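The values are calculated or read from the model by the stated rules, or taken from the named source; none is laboratory data. What you see is a predicted model, and the numbers here were worked out from it, not measured in a lab. Methodologically, a virtual Cβ is constructed for each residue, glycine included, from the backbone with ideal geometry; neighbour enumeration extends over all protein chains shown. Areas reflect the complete protein model, heavy atoms only, side chains present, ligands, DNA and RNA absent. Shrake-Rupley method; radii C 1.70, N 1.55, O 1.52, S 1.80 Å.
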Amino acid sequence: MKFTMTDNPKEEDIQEILNHLREYNLSRIECKLVKPIAIFVTDENGSKIGGITGETHGNWLEIDYLWVDEKARGARVGSKLVRDVETEAQKRGCTYVFLNTFSFQAKDFYIKLGYKEVFTLEQYPITGKRHYFVKQLA
């Protein structure tokens, strides 16, 4: 065996590890359908000004990323993106949502949308916090 450490891994090497892990995991769990989900918002010029991405898997929607351009904030774009992705997740059979956010990002935003904090990673990466939330869908 040869162990190789690098601080500059190739994308294809990372993808190979991920593919093997997913293959192993999916062979041992009851729901094998993991389906990506994304909603994008564009302005009148076709430029992206917001979006939400994640995946649905069985009972769960996992939100990976939510971004709204500074110019569009305050216009409820983020709230609509979250509501719309939750609605689509329900159509796919999901009953729960999981996501995380940094303290400087959207903690209060998610609380206003009915998310409950279940864990906080303290001193992340050094002095900040990373908050983990769940929500039960109606």
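Each stretch of four or more DSSP H residues adds -39500 (n - 2.57); spread over every residue of the chain, this sum gives -8500 deg cm²/dmol at 222 nm. Simple spin-label estimate for T42 and K116 gives 4.0 nm between the two label positions (7 Å along the Cα-to-Cβ direction from each Cα). Across the options V41, V118, C31, the greatest Cα extent toward the positive end of the charge dipole of the chain (unit charges at beta carbon of Lys, Arg, Asp, Glu) belongs to V118.
Tell me, what is the per residue accessible area of the chain in Å², probe radius 1.4 Å?
On a per-residue basis, 75 Å².
Based on Cα contacts under 8 Å between residues 6+ apart, the chain shows a relative contact order of 16 percent.
For segment 87-138, give the magnitude of the charge dipole about the Cα centre (Cβ charges: +1 Lys/Arg, -1 Asp/Glu; no others), in debye to the nearest 20.
With Lys and Arg at +1 and Asp and Glu at -1, about 140 debye.
Pairs of Cα atoms nearer than 8 Å and 6+ residues apart set the relative contact order; for segment 1-77 it is 19 percent.
Is the shape of segment 1-60 rounded, prolate or oblate, going by the alpha carbon gyration tensor and its root eigenvalues a ≥ b ≥ c, with a/c under 1.5 for rounded and a/b larger than b/c for prolate? Oblate, because a/c is 1.5 or more while a/b does not exceed b/c.
For T4 and L33, a Förster radius of 30 Å and the Cβ-Cβ distance give a FRET efficiency of 0.30, rounded to the nearest 0.05.
Springs between Cα atoms under 10 Å define the GNM used for the chain, and in it the highest mean-square fluctuation of R28, R76, R92 occurs at R28.
State, to one decimal in nm, how far the label point of Q136 lies from the label point of A72, with both points 7 Å from Cα in the Cβ direction. Roughly 3.2 nm, to one decimal.
Straight-line reach from K107: taking Cα to Cα under 29 Å and skipping same-chain neighbours fewer than 8 places apart, the lysines in range are K35, K48, K71, K80, K91, K116, K129, K135. With both labels modelled 7 Å from their Cα along Cα-to-Cβ, the Q90 to H20 distance reads 4.2 nm.
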